[in-house]
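Asks: There's a structure below that I have some questions on.
All of the numbers you see were taken from the coordinates with simple rules; none came from a lab. Treat the numbers as computed from the prediction; the structure is a model and nothing was measured. Using ideal geometry, Cβ is built from the backbone for each residue, glycine included, and neighbour counts are taken over all protein chains shown.
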Amino acid sequence: NEKALSITKSRIKDIDGKYKLIKGDATKLTLQDKSVDFICTHPPYMDIIKYSNGINGDISLLNGEEFYNSIKLVAKESFRVLKEKSYCAVLIGDIRKNGFIIPLGFNVMKLFLNESFSLKSNIIVEVQIGGKKLQNIGIFY
């Protein structure tokens, strides 16, 4: 999504060091195996906030099993491209549907663990947005 890429570029323009932003499909990365030093991903909260109006492959348009199947592919590709002893940070929180909490953060974390990642840390942040909401940050290697 060009808009998201543009926002990200403006926010990191003053960061020192080497980085690369890539527009593409996280379920089919065009990167070589074991070529990435660090991954920071903030997957969609299922279909709660839609990132597009129908871009083919947009995970934010998916719900339930389709969403989890796509995230599993993202985890698999992330593990494939990440260098040994490097880190992948996954920032995601839980969602509420029909009055019940869906532990999206833990479900996504489990998918990354199932793809051979090891959990280094789990950070739970309390975010105040019109009420209390928990956000999980999993750091894997």
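Asks: With contacts defined as alpha carbon pairs under 8 Å and 6 or more residues apart, what's the relative contact order of the chain in percent? Don't skip to the answer; put the middle values down first.
Replies: Details: 215 pairs, mean separation 31.5, N = 141.
Reported as a whole number, the value is 22 percent.
Asks: Using only Cα atoms, find the angle between the long axis of helix 104-114 and the longest principal axis of the chain, and express it within 0 to 90 degrees, rounded to the nearest 10.
Replies: In the chain, helix 104-114 runs at an angle near 40 degrees to the longest axis.
Asks: Which FRET efficiency value, to the nearest 0.05, is calculated for I102 and I15 with the Förster distance at 30 angstrom and r the Cβ-Cβ distance?
Replies: 0.35
Asks: Which angle between 0 and 90 degrees, to the nearest 10, do you get for helix 2-12 versus the longest principal axis of the chain when only C-alpha atoms count?
Replies: The angle comes out near 70 degrees.
Asks: Excluding residues on the same chain fewer than 8 positions from K50, give the lysines whose Cα lies under 21 Å from its Cα.
Replies: Filter leaves K3, K9, K23, K28, K72, K97, K133.
Asks: If you don't mind, another one. Where a Cα-Cα gap under 16 Å defines reach, which lysines qualify for K34, not counting those fewer than 8 residues away within the same chain?
Replies: Counting by Cα, and skipping residues close in sequence, K34 has these lysines nearby: K20, K76, K83, K85.
Asks: Find the centroid of the Cα atoms in region 16-43 and in region 76-95, then give the distance between the two in whole Å.
Replies: Each part's Cα centre sits 10 Å from the other's.
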